[in-house]
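Scroll down for the structure; my scribbles are underneath it.
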Amino acid sequence: MEDVEIFLSRLAPEDKLYAETAKKLGNDGITDRFTLAGAVAEKGAPASYKVYISDEDIQNDTIDDIKAVFTEAAEENDDIRVEFISDEFLNLIDDKARITAESKPRTLVHRDGDLHPTVHIWMIKRRDGGIFVLLQKRAHEKDINPDCYDVSAAGHVSQGEEFRHTALKEVREELGLDMDRSKLEFIGLKRAEYTKGDIHDNELVAVYICREKINIEDLVLQSSEVSEVCWAEIDELLCVMKYEDIPNCISLEELDMIKKAVF
């Protein structure tokens with residue numbers, strides 16, 4: 001029995017939420033909780049519903065009504081299964097590299113390989129004629145590339161947000177740095193893909209650099225994301241990546257973008 005997957009965003013108005021539910025149940029007549037209850041009863045059993053709800057801390061009465069309808073249906077019939085899943089929702093990217101209004105649970109975005117927006121932020125400094133970048137070592141608990149050296153800070157753009165705001169948030173959360181948005185220098189967009197097992201991560205990455213002077217000792221690392229940080233000179237880093245077995249998920253394209261932006 002195939003699951004019916006329904007996506008309920010806490011940022012969406014009533015008509016959009018019922019339209020999403022109607023689409024997934026294949027019944028255009030669903031416009032409120034009463035017509036939804038009738039549609040679920042008409043669909044009958046056996047049935048399995050996975051209802052994904054975005055994780056913002058926002059009250060949405062329509063979502064509460066929809067949850068109540070599915071809960072009552074499952075309580076009245078043992079052959080109807082309902083699972084409510086809280087997840088971060090991500091807006092998807094269209095074929096012109098624009099963030100769209102369509103959003104989807106992060107778990108399913110990574111399952112289905114949907115193109116979605118992320119940010120990479122590189123903390124850099126010039127010294128002795130070289131360009132140094134701050135590397136983070138990803139936490140052991142990470143699902144993707146655990147214990148690997150990576151960009152200074154990074155993250156997904158949650159639904160309703162934009163690239164630069166997310167970049168500032170990730171720097172604050174992962175490194176403990178509060179900075180003005182003017183300190184982030186946008187140097188370009190790039191595509192990035194990662195596939196392993198059931199994960200297919202397909203990203204459009206906005207890449208930023210920050211030239212602010214920082215001391216590693218002053219950073220407050222987010223332990224769930226970052227285990228340690230260190231400075232590395234770009235050319236030396238490239239040599240190590242080429243000739244030594246260093247666990248990393250560092251983009252050679254991004255290192256090249258940094259060098260072109262700085263020189």
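Here are the numbers for this structure:
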read-out: For the chain, alpha-carbon Rg and Dmax in angstrom; value: 22.1, 73
read-out: Within the chain: Cβ-based charge dipole about Cα centre, in debye rounded to nearest 20 (Lys, Arg +1; Asp, Glu -1); value: 1180
read-out: Placed amide H near Val4: partners under 5 Å, 5+ positions off or other chain; value: Ser48, Tyr49, Lys50
read-out: HN-Hα J in Hz across the range 111-116 - Karplus 6.51, -1.76, 1.60, θ = phi - 60°, x for Gly and Pro; value: 6, 8, x, 5, 6, 9
read-out: Considering only the chain, percent of DSSP beta bridges that pair antiparallel, nearest 5; value: 60
read-out: Residues whose placed amide H lies under 5 Å from that of Arg10, excluding near-sequence neighbours; value: Ser54, Glu56
read-out: Candidate residues Glu225, Glu236, Glu217, Glu254: accessible-area rank, largest first, probe 1.4 Å; value: Glu217, Glu236, Glu225, Glu254
read-out: Note, ³J(HN,Hα) from phi for the range 249-260, Karplus 6.51, -1.76, 1.60, rounded to Hz, x at Gly and Pro; value: 10, 8, 8, 4, 4, 5, 4, 5, 4, 5, 4, 5
read-out: Summed residue charge, Cβ within 11 Å of His156's Cβ, Lys/Arg positive, Asp/Glu negative; value: -3
read-out: Cα-based helix-to-principal-axis angle, 61-76 vs the chain, degrees rounded to 10; value: 60
read-out: Degrees separating the helix 14-25 axis from the principal Cα axis of the chain, which is the longest one; value: 80
read-out: Cut-off under 5 Å, modelled amide H: who pairs with Leu90 long-range; value: Lys104, Arg106, Gln159
read-out: Neighbourhood charge, 12 Å Cβ-Cβ cut-off, centred on Leu92 and excluding it, Lys, Arg +1 and Asp, Glu -1; value: -3
read-out: Nearest-ten-degree value, helix 33-43 long axis tilted from longest Cα axis of the chain; value: 80
read-out: Expected 222 nm ellipticity per residue - DSSP helices of 4 or more, -39500 (n - 2.57), all of the chain, to 500; value: -9500 deg cm²/dmol
read-out: Where Arg81, Arg138 fall by accessible area, highest first, once all protein chains stay in place (1.4 Å); value: Arg81, Arg138
read-out: Computed accessible area, Thr31, all protein chains, 1.4 angstrom probe, square angstrom; value: 90
read-out: Note, ³J(HN,Hα) from phi for the range 226-239, Karplus 6.51, -1.76, 1.60, rounded to Hz, x at Gly and Pro; value: 10, 9, 6, 9, 7, 8, 9, 6, 4, 5, 5, 4, 4, 5
read-out: Separation of alpha-carbon centers, the range 181-243 and the range 79-107, rounded to whole Å; value: 25
read-out: Subset of Lys43/Lys196; Lys104/Lys242; Lys67/Lys196; Lys125/Lys242; Lys23/Lys137; Lys213/Lys260 violating a 31 Å alpha-carbon distance limit; value: Lys43/Lys196; Lys104/Lys242; Lys67/Lys196; Lys23/Lys137
read-out: Summed side-chain charge close to Ala45 - residues other than Ala45 whose Cβ falls under 12 Å, Lys, Arg +1, Asp, Glu -1; value: -2
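The values are calculated or read from the model by the stated rules, or taken from the named source; none is laboratory data. Predicted, not measured: the structure shown is a model, and the values here were computed from it. Cβ: placed from backbone, ideal geometry, glycine included. Neighbour counts: every protein chain shown. Ligands, DNA and RNA are excluded from the accessible area calculation, which covers all protein heavy atoms including side chains. Shrake-Rupley method; radii C 1.70, N 1.55, O 1.52, S 1.80 Å.
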